[in-house]
Amino acid sequence: MSTVIPIQTAAATGCQTAPVLVERGQREVFCGLTGIIWLHRKIQDAFFLVVGSRTCAHLIQSAAGVMIFAEPRFGTAIIDERDLAGLADANEELDRVVQQLLARRPDIKLLFLVGSCPSEVIKLDLSRAAQRLTSQYLPDVRVLNYSGSGIETTFTQGEDACLASLLPVLPRSPAPAPGAAPAQLLIVGTLADVVEDQMRKLLNGMGIAQVAFFPPRKSRAMPQVGPDTVYLLAQPFLADTARGLDAMGARRLGAPFPLGSEGTTLWLQAAAQAFGVPQARFEEVTAAPRARAEQSLGRHRTALTGKRIFFFPDSQLEIPLARFVQRELGMDLCEVGTPYLHRQQMEPELALLPANTRLSEGQDVEKQLDRCRQDQPDLVVCGLGLANPLEAEGMSTKWAIELVFTPIQGYEQAGDLANLFSRPLARKLKLVA
Ligand code: SF4
């Protein structure tokens, strides 16, 4: 059974001051286009038009799976050799593609032009294109742009860039009276609808009535944001979005991320404290789902306690996941790699990690592979490009991207999250038997 540490006492402990191995070498990561896979499912009247190459189209198509019967809400405007050679006017081409798309799909209310490596190489100004197209298609359709380019990014940054592009069009909420309590709680980061519904029910049950989610399910239901807003990050990869919300006057509530029973409790507790929810009410609302989460974790704890795990930097979920597997499943951490260490956002997580945790930021992939081979962990969490070679060397792996695609947040998903770690080990046992 894990115990809940009050947020205040968790400060200035754990591995907050531990040295971090910073590496800036060759990296093995997906690009930000990948975020379209979960974003297009979330914002149901949006369309993501990648302005890119056949490689970009192939990446999106294969990552999303082939959708034969559904009209997808993403596509690629292919930049071909004539565009790259400067022989065609790419803007004219883009306007034509958008016109055809919107004529065929009146259900689209929000269109994202998503930049890629090729569009950046030919210096296609998608922000001007978005402004031009918005003035042409408003009020029916708003056109925004962001970059999903793979140059110097990691794959979850696509969501950060997308949400940050939405901030300028969010309605502003009025300034509260001096000393007034926050008027609304904003949950920031894409969550599966089912998780969102569970979180809303718990928060409403505590008496927090005004709860909004960003991104919303419909583009016409964008939340208001302003100095009366406090927000909780539901995903750890939203640094730019958080900075933008801060600039709009919203206040971030520091908390661990809602992974596992403990993480979810501390996350909800941060909201409860901000809204003055009595502790007894908090306990009453969370007791039953927390007990279910604890019970579902028990099965996996037996299989995972004492097993050693190595995280390669990929999704930016690594630190919260490491905290979850170490504290709630009893796993031992070999190395916790993260593409970027956003200290401010990660403070509550770092406070819960063992003081001697080997943290690394960035990547020099060959050196990191050497450390991994030396550690011989029972399980490696890594990107797709590393998983197959490591499996061939006899290691068990878990694809980091699967942890982003799967609903893993909240009490009811704690067992599913643990299962993602125990399944590869169970599979290996079966293969050996
Ligand atoms: S890395 Fe660049 S070229 Fe490759 S799929 Fe991503 S955006 Fe397209």
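Bear in mind that the values in this text are calculations on the coordinates, not laboratory data. These numbers were taken from a predicted model, which means no experiment stands behind them. Here the Cβ positions follow ideal geometry from the backbone for every residue, glycine too, while neighbour counts run over all protein chains shown.
Values as computed for the structure displayed
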{"quantity": "Rough spin-label spacing in nm, given labels placed 7 Å along Cα→Cβ, for R41 and E284", "calculated": "3.6"}
{"quantity": "Gain on full stretching of the segment that runs from R423 to D240 - 0.36 nm per residue minus C-alpha separation", "calculated": "62.5 nm"}
{"quantity": "Extension gain from A221 to E393, taking 0.36 nm per residue of separation minus the Cα-Cα distance", "calculated": "57.0 nm"}
{"quantity": "Whole-Å semi-axes of the ellipsoid equivalent to the stretch 265-332 (Cα gyration tensor, √5λ, descending)", "calculated": "28, 17, 7"}
{"quantity": "Partner lysines for K42 [C-alpha distance under 25 Å; skip if fewer than 8 residues away on the same chain]", "calculated": "K109, K201, K218, K398"}
{"quantity": "Hydrodynamic radius by Kirkwood, which averages 1/r over all alpha carbon pairs of the stretch 313-416, in angstrom", "calculated": "14.4"}
{"quantity": "Sequence ranges 307-317, 126-136, ranked by mean other-Cβ count within 10 angstrom, highest first", "calculated": "307-317, 126-136"}
{"quantity": "Net charge dipole size for the chain [Lys, Arg +1 and Asp, Glu -1 on Cβ; Debye, nearest 20]", "calculated": "860"}
{"quantity": "Cα gyration tensor shape for the chain, rounded if a/c is under 1.5, else prolate or oblate", "calculated": "oblate"}
{"quantity": "Approximate spin-label separation N204-Q273, in nm, with each point projected 7 Å along Cα-to-Cβ", "calculated": "2.7"}
{"quantity": "FRET efficiency, 1/(1 + (r/R0)^6) with R0 45 Å, evaluated for Q295 and A18 via beta carbons", "calculated": "0.85"}
{"quantity": "Estimated 222 nm signal from helices in the chain, with DSSP H stretches of n ≥ 4 weighted -39500 (n - 2.57), rounded to 500", "calculated": "-13500 deg cm²/dmol"}
{"quantity": "Stretch gain in nm, segment F405-D80, where the contour uses 0.36 nm per residue and the Cα spacing is subtracted", "calculated": "113.9 nm"}
{"quantity": "Residues with amide H under 5 Å from that of V143, placed H, sequence gap 5 or more", "calculated": "L111, T134"}
{"quantity": "Förster-model FRET efficiency, 30 Å R0, V97 and D193, C-beta, rounded to 0.05", "calculated": "0.50"}
{"quantity": "Paramagnetic reach from D107 in the stretch 205-234 [backbone N under 16 Å; point 7 Å along Cα→Cβ]", "calculated": "217-220"}
{"quantity": "Phi-based couplings in Hz for the stretch 304-311 (Karplus 6.51, -1.76, 1.60; Gly and Pro marked x)", "calculated": "9, 4, x, 7, 9, 10, 10, 9"}
{"quantity": "Inter-site label distance for V169 and L384 at 7 Å from Cα along Cβ, in nm", "calculated": "2.9"}
{"quantity": "Length-normalised contact order for the stretch 285-433 - Cα pairs under 8 Å, 6+ apart - percent", "calculated": "27"}
{"quantity": "Dipole of the chain, positive end: most advanced residue of G148, P182, G35 [Cβ charges, Cα centre]", "calculated": "P182"}
{"quantity": "Size of electric dipole in the stretch 381-433: Cβ of Lys, Arg +1 and of Asp, Glu -1, about Cα centre, debye, nearest 20", "calculated": "200"}
